[in-house]
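Okay, so here's the structure we're looking at.
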Amino acid sequence: MTKQEIIAPENLVYKKPELLNDTPMHYCPGCSHGVVHKLVSEVIAEMGMADKTIAISPVGCAVFAYKYIDVDWQEAAHGRAPALASAVKRLWPDRLVFTYQGDGDLACIGTAETIHALNRGENITIIFINNAIYGMTGGQMAPTTLLGMKTVTCPYGRDPKLHGYPLKMADIAAQLEGTCYVTRQSVQNVASILKAKKALRKAFEYSMQGKGSNLVEIVSTCNTNWRMSPDKANKWMEENMVPFYPLGDLKDKG
Amino acid sequence: MADKEVTLMKGNEAIAHAAIRCGCDGYFGYPITPQSEVLETLAAEKPWETTGMVVLQAESEVASINMVYGGAATGKRVMTSSSSPGISLMQEGISYMAGAELPALIVNVSRGGPGLGTIQPSQADYFQTVKGGGHGDYRLITLAPASVQEMADFVDLAFELAFKYRNPAMILSDGAIGQMMEKVVLPPFKPRRTEEQIAKECPWATTGRIGMRKPNIITSLELRSEEMEQNNLRIQAKYRECEKNEVRYEDYMTADAEYLIVAFGSAARIAKKVIAIAREQGIKVGLLRPITLWPFPSKRIAELGKQVKGILSLEINAGQMVEDIRLAVECNVPVKWYGRLGGIIPEPEEVVEEIKKMTR
Amino acid sequence: MTHEIIISGFGGQGVLSMGKILAYSGLMEDKEVTWMPAYGPEQRGGTANVTVIVSDEPVSSPILSSYDTAIVLNQPSLEKFESKVKPGGTLIYDGYGINTPPTRKDIHVYRIDAMDKAAEMNMIKVFNMIILGGFLKVHPIVSIDGVLKALRKTLPERHHHLIPMNEEAIRLGMEIIKEM
C-alpha cells in the first residue's frame, strides 16, 4: 500500500476523537490519564455536548487536562473542583459539568468538597483517577496508597500504625443519599476501556437528567512513580489494587 | 418591596436585598457571627423563585469562595459574605481569583481577632484586605461602607468595578455596620444578565463553547516564567489603571480644618461626632473618609497634610491604615493613631481627648 | 432635635424589639434613625442593650459616650449606664429589677413599675410597650400614631390583632410613670 492509500478516508479504521487536540501530552508513556482523556472526549462528542460542556481540572497530574480536550475548562485550587462544579451546574443547569480529579486532590485535601458536593446531589460527574500515589509532586503517599506499598514518603511501605489506612472513597460515596451512580472502573485493556466508557456515558447522562451526583472512579496506574514498566504496572494493579478496590457498580439509582 | 421605599434594616440585610436587586446570579456562604443575616435574609427571600438567583449554604468558607470562583469563571455575578475568621479561610480562593482575573464580590463583616477572637466589631482586617491576605502580587478592590445605605449601594458598585477590572472586589464592613439598623432606600431592580449578554460582555467566560467558538480556559497557572511575568505585568498595569480611576473618598468639614481625622467605616461615623464635639470646643477638626481602601486616597491625604497641623488615624484596630497615611504625607505632618482593640469601639469623648493632646 | 437613648436589660425582656419599634416610629415620622444593638451570643437571658438615636439630622456616631435618656430594666444596667446620662438628661427604671435605686441629682429620674403592672394586668407580652409608653410620656419624640404605624409595618399580619393591646400598654405606661 502507498501512503496515499493508507490515509484514504475509506481505509480509516481508527482515529483520535475530534475533541482531543494535537497538543503533545505531558503524561508519562503508559499513564492511564491519556486513555481516560480519550474516553471523555468521545463521550462528550457522542452526546453532542461539545458546545455545552464546562469541565473542571484539579491540581495534580491532570492539572493541564485543559490543554488537551477542546471544551471550556476551569482550573481549580487543590481539592476544590467539586465546589466549583457545584456552583457552575447550579448557575448553568443545562450544561454538562464534570470534574476530573486524582486521589490526592479528591480523597485528601478535597475530601470535604467531594463528599458535600456528592451528598447535595449536585447534578455533576466526578471522574476520580485513583493510582494510589501523588504523581505530579514525585511519588508521595496518597490517601489511597495500599498497605505495604512503598512511596517516597513511606519508603518502608505504608504502615497503618504510622500512616493510617487507605480510603475507599467510592464506598463512602455510595452511602450518600445524594449520589445517583457510583462505579469503579479501570482502563488497562480493551474490555475494561469499553466498560469505562459506558460508565462515563451513563454518569454524564444521569447528570443531564438531573438524577443526582455521579462518581466514576478509575483504578489506574502510575508506572513512573510505581517504578515499573507500563505493562508490569497494569499487572500489579490487577493483582494488588483491584482486590482492595473491586471493580463494578457500587450504586445505580438511575 | 416597591422601588424608592424608605425602610429600616440591618446592614447585613441591606447587603442581601441589594444583591437580589442588582442582578446577582448567585450567593454562596457559610454562617458566622456577625454576618449570618446575609444568608438568612436570602434564604427567607427565596430569590430563586423571583429573579432566579442561586443561594447555597456551603460546607465551609473554603467551599464558598471556590463556588464563587466557579461561578465567576462562567461570567456570572456571584458573591459570598463572611466575617474575619471565615475570610481568612477564603484567602486561597481570593488569590486564585485575582490570578485567574475573575470578577466577584466578597463581603467581610469583620470582627475582632486574632484567631477566634471576638464577635464584636473590629477593623483589624485592614492589612489582610488591602495588602493582600493571600499569596502573590495582587490587590483587592476594597469599598468601606459607613452606613446601612452604603451597604446597599456598594453591592452593585463592587460588582461594576469587579467586572470592569476583572478582579475580585471586597466590601470591608464590620459588625457595627452589619448589625445596626438605619433608614435605607434599596437600589432599583436590575434584571440578571441573559446568556447572550454574558457571552457578549465576558467573551473570556467558560460558558461552554457557544457556537463552537475556541475553548475558554480559566486558570491562574503558568509554569513558564517568561509568560508568568507577562501575566503579572498585565495584572499590575490593570491595578495602576484602577488606582488612577477609582479612588473614592468623602471630605467632611475639611475646608477650614486645622486637624484632620482619617477614618473609614464605622470609625468615620464616630469621627463625625468627635468633630461636632471638638468644634463646639473651638478645635477645627475635619474628616477624610476613604471610601476605597484600595485604591487608597493618598493624593487627597497628602494635600490635606499640607493644610493641617496634625492627622489622627482613627481605627478600630492597633494602627494599620496609619501606615498608609504616613506614606501618603511623607512625614510632612505629624500622624498619630488612636483606636481600641478586642471588639471595643472607641467612644467619641475619648477620641476628643486624643485630638486635644495633639493641639497641645 | 436629636435624642440619644440607651435601653438595657435582660435578654428576653424585649429590649431590642422595643428599640426597633421606637426606631421604626421615627422612620414613620420622617426622622433619621439608628438602631445599634450590643449583640452577643445570648439568645435568652444575659444582658442586652440597644442604642437608638432619633434625629432631624443625619446621625453621626451610632456608638456614644453619653445619652439623653437611659432606660434600665435591671441592676447591672443601672450600674453601667447611670453615669452615662448627660447632665440634665433622663433615667427611667423599672422598680422590679432595681434593688439599689439611682443616686444622681443632676438628672431627671423616673420610675415605672411596668413589670408588676404587666403581671397584674396579664400583659407580660407587652411589658416593653408599657416601658415605651412611659418614655414617650417624658419625651414625646414620636407620636402614639407613629408607634401604631410602626407596629402595623413590623408585625406580621397574623399578629395585627395584638395592636390594640400594644396601644393599651403604651397608654398604661404613660399613666404609671412617675418622677422620683
Next on the checklist: Being within 14 Å of chain B (Cβ to nearest Cβ) and crowded, with 16+ Cβ neighbours inside 10 Å is the filter here; which residues of the stretch C:86-103 pass it?
Outcome noted: C:LYS86
Next on the checklist: If the requirement is being over 24 Å from C:LEU151 (Cβ atoms) and open to solvent by 30 Å² or more (accessible area, probe 1.4 Å), which of these qualifies: C:SER83, C:SER77, C:SER17?
Outcome noted: C:SER83
Item to check | the stretch B:274-298, residues that are part of a helix (DSSP H, G or I), more than 10 Å from chain C (Cβ to nearest Cβ) and open to solvent by 20 Å² or more (accessible area, probe 1.4 Å) | outcome: B:ARG279, B:GLU280, B:SER298
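Residue by residue, here is whether (1) open to solvent by 10 Å² or more (accessible area, probe 1.4 Å); (2) farther than 26 Å from B:THR207 by Cβ; (3) of a type outside the set (Phe, Trp, Tyr) holds:
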{"residue": "B:ALA19", "(1), (2), (3)": "no, no, yes"}
{"residue": "B:CYS24", "(1), (2), (3)": "no, no, yes"}
{"residue": "B:THR33", "(1), (2), (3)": "yes, yes, yes"}
{"residue": "B:LEU39", "(1), (2), (3)": "yes, yes, yes"}
{"residue": "B:ALA43", "(1), (2), (3)": "yes, yes, yes"}
{"residue": "B:GLU49", "(1), (2), (3)": "yes, no, yes"}
Checklist entry - For B:TYR239, all conditions in the list (1) more than 30 Å from A:ALA65 (Cα to Cα); (2) within 14 Å of chain A (Cβ to nearest Cβ) hold save one; what is the number of the exception? => result (2)
Next on the checklist: I need the full set of residues from the stretch C:20-66 which are crowded, with 24+ Cβ neighbours inside 10 Å, more than 7 Å from chain B (Cβ to nearest Cβ) and in contact with a Gly (Cβ under 7 Å, 6 or more places away or on another chain), in order please.
Outcome noted: C:SER25, C:ALA48, C:VAL50, C:VAL52, C:VAL54
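Being small (Gly, Ala, Ser), within 23 Å of A:GLY30 (Cβ to Cβ) and open to solvent by less than 20 Å² (accessible area, probe 1.4 Å) is the filter here; which residues of the stretch A:158-196 pass it?
Passing the criteria: A:SER186, A:SER192, A:ALA196.
Is it true that B:GLN128 is within 12 Å of another protein chain (Cβ to nearest Cβ), open to solvent by 10 Å² or more (accessible area, probe 1.4 Å) and either within 18 Å of the chain's Cα centre (by Cα) or at negative phi (or both)?
no
Would you check if there is a residue in the stretch A:99-122 being within 12 Å of chain B (Cβ to nearest Cβ) and in a strand (DSSP E or B)? I'd like the intermediate steps shown before the answer.
Filtering the stretch A:99-122 down to residues within 12 Å of chain B (Cβ to nearest Cβ) leaves A:99, A:109-120, A:122.
Keeping just the survivors that are in a strand (DSSP E or B) gives A:99.
So far as the stretch A:99-122 goes, yes, one or more of its residues are within 12 Å of chain B (Cβ to nearest Cβ) and in a strand (DSSP E or B).
For (1) in contact with a strand residue (DSSP E or B) (Cβ under 8 Å, 6 or more places away or on another chain); (2) buried (at least 16 other Cβ atoms within 10 Å of the Cβ); (3) under 27 Å from C:GLU57 (Cα atoms), each residue gets a yes or a no:
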site: B:ILE261; (1), (2), (3): yes, yes, yes
site: B:LYS272; (1), (2), (3): yes, yes, yes
site: B:ALA302; (1), (2), (3): no, yes, no
site: B:ALA328; (1), (2), (3): no, yes, no
site: B:PRO348; (1), (2), (3): no, yes, yes
Checklist entry - Which of the residues spanning the stretch B:209-245 are open to solvent by less than 70 Å² (accessible area, probe 1.4 Å) and of a type in the set (D, E, K, R)? => result B:ARG209, B:ARG213, B:GLU222, B:LYS238, B:GLU243
Item to check | the stretch B:323-360, residues that are at the interface with another protein chain (Cβ under 10 Å from one of its Cβ atoms) and part of a helix (DSSP H, G or I) | outcome: B:PRO348, B:GLU349, B:GLU350, B:VAL351, B:VAL352
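The values are calculated or read from the model by the stated rules, or taken from the named source; none is laboratory data. The structure displayed is predicted, hence computed values, not measured ones. Backbone-built Cβ (ideal geometry, glycine too); neighbour counts: all protein chains shown. The accessibility values were calculated without ligands, DNA or RNA, using every heavy atom of the protein model including side chains. Shrake-Rupley method; radii C 1.70, N 1.55, O 1.52, S 1.80 Å.
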